[in-house]
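Below is one structure, written out as structure tokens; the observations come after it.
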Amino acid sequence: MDIEAGKPVFVEELVEPSNQHVGRTVRVTGTLHSYNPTTDRASLVDGQYLVLIDTQLLGVMQYHLGQTYQFIGAVASVEDMQEAVPDDLFDDTRYSLTTVLRARVAREVDALDVAVYKKSVAALRRFLDGGAAAQSTDDDSADKRS
């Protein structure tokens, strides 16, 4: 079984109702809001968005609440996970009760400048989207010359 690389996504993209990431491997970065070793559940926040993380595959780790973490894993659709949502959320916090990231890798990235990271991911996406458009234009031009 091949393991695919984690596509960089933002927490807000994982809580969108479209479920476009379900079944895909992603890499998400945010602040660790809560961790429950009994249920192997953590929550990661970025601004007003929160995603639930299943940490069962990670084994025993020492987590530090309030630190910046990056998790890589598969996005899964699950039953309503109301019990996993922390009680101390702000009223405007947005989250999904039917999407969870089943993490395979976790790392603390507290020295990461998150604003610069977000800009670099956006630039990478623009480049890849432009590269794909340029590639299809090149392919069309080559077809017309043939």
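All of the numbers you see were taken from the coordinates with simple rules; none came from a lab. What you are looking at is a predicted structure, and each value in this text was computed from that prediction instead of being measured. Don't worry about glycine lacking a Cβ; one is built from the backbone with ideal geometry, like all the others, and counts go over all protein chains shown.
Quick notes on this one:
- Only residues that are without any contact (Cβ under 8 Å) to a residue 40 or more places away in the chain and over 26 Å from S120 (Cβ atoms) were counted across segment 37-58, and they come to 3.
- Residues of segment 9-29 classified as part of a helix (DSSP H, G or I) and either out of contact with any Gly (no Cβ under 8 Å at 6 or more places or on another chain) or closer than 19 Å to R107 by Cα (or both), total: 3
- Residues that are among the acidic types (D, E) and either surrounded by fewer than 13 Cβ atoms within 10 Å (Cβ to Cβ) or out of contact with any Lys or Arg (no Cβ under 8 Å at 6 or more places or on another chain) (or both), drawn from segment 13-61: E13, E16, D40, D46
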